[in-house]
1. How about segment 83-97: which of its residues are open to solvent by 10 Å² or more (accessible area, probe 1.4 Å), within 22 Å of Ala139 (Cβ to Cβ) and part of a helix (DSSP H, G or I)?
2. Mind checking whether some residue in segment 99-109 is open to solvent by less than 30 Å² (accessible area, probe 1.4 Å), modelled with pLDDT of 95 or more and assigned to a helix (DSSP H, G or I)?
3. Under 6 Å between Cβ atoms, at least 6 apart or on separate chains: pull out the pairs that start in segment 173-185 with a residue that is under 17 Å from Ile226 (Cβ atoms) and end on any residue that is outside any helix (DSSP H, G or I) and open to solvent by less than 40 Å² (accessible area, probe 1.4 Å).
4. Of all residues in segment 149-186, how many are of a type in the set (A, V, I, L, M, F, W, C), surrounded by fewer than 18 Cβ atoms within 10 Å (Cβ to Cβ) and under 25 Å from the mean Cα position of the chain (by Cα)?
5. Please state which one of Pro220, Pro262, Pro282 is within 22 Å of His189 (Cα to Cα) and modelled with pLDDT under 95.
6. Within segment 27-63, can you find the residues that are open to solvent by 10 Å² or more (accessible area, probe 1.4 Å) and either acidic (Asp, Glu) or outside any loop (DSSP other than H, G, I, E, B) (or both)?
7. Can we say Arg80 is surrounded by 15 or more Cβ atoms within 10 Å (Cβ to Cβ), in a helix (DSSP H, G or I) and basic (Lys, Arg)?
8. Pull up segment 273-288, narrow it to residues that are touching a Pro at 6+ places or on another chain (Cβ under 8 Å) and open to solvent by 10 Å² or more (accessible area, probe 1.4 Å), then point me to the one that is nearest to Arg192 (Cα to Cα).
Amino acid sequence: MTTATTEGYADFDGFRTWYRIDGDLRPGDPDVPAPLVVLHGGPGATHEYLLALTDLAHDGRAVVLYDQLGNGNSTHLPERGADFWTVELFVRELTNLVRHLGIGDRFHVLGQSWGGFLAQEYAFTQPAGLRSLVISNSAASFPDFVAVANMLRKELPPGVDDTLRRHEEAGTTDDPEYAAACDVFYRRHLLRVDPWPEPVVSSFAQIEADPTVYHTMNGPSEFHVIGSIKDWTSKDRLNLIDRPTLLLCGRFDEAAPSLQEPLLDGIKGSTLHVFEEGSHLPMWEQREEYMAVVDAFLSPND
């Protein structure tokens, strides 16, 4: 059966947040599963690379995808600097979206990569209707994430890490040679299928078209992180998360299994599932298993 898809905008601070809903959003109806709100990564990517998660819109569950401010179909603000693009901004945007959709009494959140950082920060605000949290391919510390990524760089074919380092030291990370070297890393630790699905390619293209948020908050690549969130950590606050929490990562993930240990130890009752053939985007690499694992977690927590 085909699932209905609707799109819309939520006004936020004089700007607009674009969203899409797969399935029938029925706020306040206790007879349907709680909707799932999906937070994309980057920061600075778009919802498109997570379109596989619309598979979870079945048996009455609605799935909400949105483009965070500055990205995709939402308002772009290329003139804004680091003082504007803050974690707090995106927490407030998510709070506003949940309120706009009228689902604040009962919903789940799935955050992927940077979206996992955002999901943690949102959970720290203790939203009353948050039923559960899925933290996918993420970490409890950006410095730890970068340290693992740089360790993985050293395992790349001869010359690749040298190329990356040369351009980073010279400040020429916009050189096509740097992009080609990054691609070697990405195809090992970001997405291990060939060719990449069109929605993933499109998300990368949109970062390139307007890199404002990615470059300001992150930096020029996944491992050369010089942006405003380079020191972000949640390690000392994880005990504040009191909702059922599922952790997900791939065996070859840049958000490696070792990065899940602080989350697993810090969030009481949390559980971890590792996709043995997956990397940073296991929803494409092991799609059926990914959906089954998330489905099995969400259902008893509705």
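The values are calculated or read from the model by the stated rules, or taken from the named source; none is laboratory data. Since the model is a prediction, treat every value here as computed from it, not as a measurement. Don't worry about glycine lacking a Cβ; one is built from the backbone with ideal geometry, like all the others, and counts go over all protein chains shown. SASA here: full protein model, heavy atoms, side chains in, ligands and nucleic acids out. Shrake-Rupley method; radii C 1.70, N 1.55, O 1.52, S 1.80 Å.
1. Filtering segment 83-97 for residues open to solvent by 10 Å² or more (accessible area, probe 1.4 Å) gives 83-84, 86-88, 91-92, 95-96.
Those still in the list that are within 22 Å of Ala139 (Cβ to Cβ) too: 86-88, 91.
Matches in segment 83-97: Val87, Glu88, Val91.
2. Quick first cut of segment 99-109, residues open to solvent by less than 30 Å² (accessible area, probe 1.4 Å) only: 101, 103, 107-109.
Next cut, modelled with pLDDT of 95 or more only: 101, 103, 107-109.
Checking the rest, the ones that are also assigned to a helix (DSSP H, G or I) come to 101.
Scanning segment 99-109, I find at least one residue that is open to solvent by less than 30 Å² (accessible area, probe 1.4 Å), modelled with pLDDT of 95 or more and assigned to a helix (DSSP H, G or I), so the answer is yes.
3. As it stands, the answer is Thr173/Pro220; Cys182/Ser221, since those pairs meet every condition given.
4. From segment 149-186, those of a type in the set (A, V, I, L, M, F, W, C) are 149, 151-152, 156, 160, 164, 170, 179-182, 184-185; that's our starting set.
The next check asks that each one be surrounded by fewer than 18 Cβ atoms within 10 Å (Cβ to Cβ); those that pass are 151, 156, 170, 179-180, 184.
Add one more test, that the residue is under 25 Å from the mean Cα position of the chain (by Cα), and what stays is 151, 156, 179-180, 184.
Number satisfying all stated conditions: 5.
5. On the way: Pro262 fails: modelled with pLDDT under 95; Pro282 fails: modelled with pLDDT under 95.
Step by step, each of Pro220, Pro262, Pro282 is checked, and only Pro220 is within 22 Å of His189 (Cα to Cα) and modelled with pLDDT under 95.
6. Asp29, Asp31, His47, Glu48, Tyr49, Leu51, Thr54, Asp55, Asp59 - these are the residues of segment 27-63 that are open to solvent by 10 Å² or more (accessible area, probe 1.4 Å) and either acidic (Asp, Glu) or outside any loop (DSSP other than H, G, I, E, B) (or both).
7. Numbers: surrounded by 15 or more Cβ atoms within 10 Å (Cβ to Cβ): yes; in a helix (DSSP H, G or I): no; basic (Lys, Arg): yes.
So Arg80 fails the test.
8. Restricting attention to segment 273-288, the residues satisfying the condition of being touching a Pro at 6+ places or on another chain (Cβ under 8 Å) are 274-275, 284.
Now narrow it down to the ones that are open to solvent by 10 Å² or more (accessible area, probe 1.4 Å): 274, 284.
Numbers: Val274: 15, Trp284: 9 Å.
Among them, the one singled out is Trp284.
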